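Data first, discussion second: the structure below is written as structure tokens.
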Amino acid sequence: QVQLEESGGGLVQAGGSLRLSCAASGLTFGSYTMAWFRTAPGKEREFVAAIRWSGSVTHYADSVSGRFTISRDNAKNTVYLQMNSLKPEDTAVYYCAAGWIASILGRPQEYQHWGQGTQITVSS
């Protein structure tokens, strides 16, 4: 059974930083594209960042480019999202996702497995 468990969420002031982690089990982690999505209150799920299996290819939403960094440690079956210069509009539930092929990195339908999500709240 595939499990993705996010951690590292919480409350932070605008301009601050947080690092999310997503520990995966039950899948061949090094073969999967990993991604982060988020859902803000009253909004649809939004792509944040993705990283290919090798870590050599990453992709970011324009809204987070230059502030967020996605990385992975295949030896630890873990993907990370370093979030700097946080803004109130980054407030959302953040989800980790794993996709076997994920041809279109920003498309939620490309990802077969999802975590339960972790809340990030950025106060102004």
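The values are calculated or read from the model by the stated rules, or taken from the named source; none is laboratory data. Everything numeric in this text was worked out from a predicted model, so none of it was measured. Counting neighbours? That spans all protein chains shown, and the Cβs are built from the backbone with ideal geometry, glycine included. All accessible areas refer to the heavy atoms of the entire protein, side chains included, with ligands and DNA or RNA removed. Shrake-Rupley method; radii C 1.70, N 1.55, O 1.52, S 1.80 Å.
Can you give the net charge of the other residues whose Cβ lies under 13 Å from the Cβ of VAL122, counting K and R as +1 and D and E as -1?
On the way: positive: ARG38, ARG67, LYS87; negative: GLU89, ASP90.
In short, +1.
Counting every Cα pair in the chain, what percent are over 17 Å apart?
Percent of Cα pairs beyond 17 Å in the chain: 51.
Residue separation times 0.36 nm, minus the C-alpha to C-alpha distance between SER65 and ASN84: what's the value? Please list the in-between numbers first.
Working: separation 19, 0.36 × 19 = 6.84 nm, distance 1.05 nm.
Full extension of this stretch gives 5.8 nm more.
Dipole size in debye (nearest 20) for the chain around its Cα centre, Lys and Arg Cβ +1, Asp and Glu Cβ -1?
140 debye
How far apart, in nanometres, would the label points at GLU5 and LYS43 be if each is projected 7 angstrom from Cα along the Cα-to-Cβ direction?
2.9 nm
Working out 0.36 nm times the residue gap between SER56 and SER25, then minus their Cα-Cα distance, what length gain in nm do you get to one decimal? Walk me through the numbers before you get to the answer.
On the way: separation 31, 0.36 × 31 = 11.16 nm, distance 2.19 nm.
Gain on stretching SER56 to SER25: 9.0 nm.
Quick check for you: with a 1.4 Å probe and neighbouring chains kept, what is the accessible area per residue of region 28-124, in Å²? Kindly include the intermediate steps, with their values, before the conclusion.
On the way: 4770 Å² over 97 residues.
Here the per-residue accessible area is 49 Å².
What's the local net charge at HIS113, with K and R +1, D and E -1, over the other residues with C-beta under 13 Å away?
Values: positive: none; negative: GLU5, GLU6, GLU110.
Local net charge: -3.
Which percent, nearest 5, of DSSP beta bridges in region 1-123 are antiparallel? Walk me through the numbers on the way to the answer.
Details: 37 of 41 bridges.
Approximately 90 percent, going by the DSSP bridge assignments.
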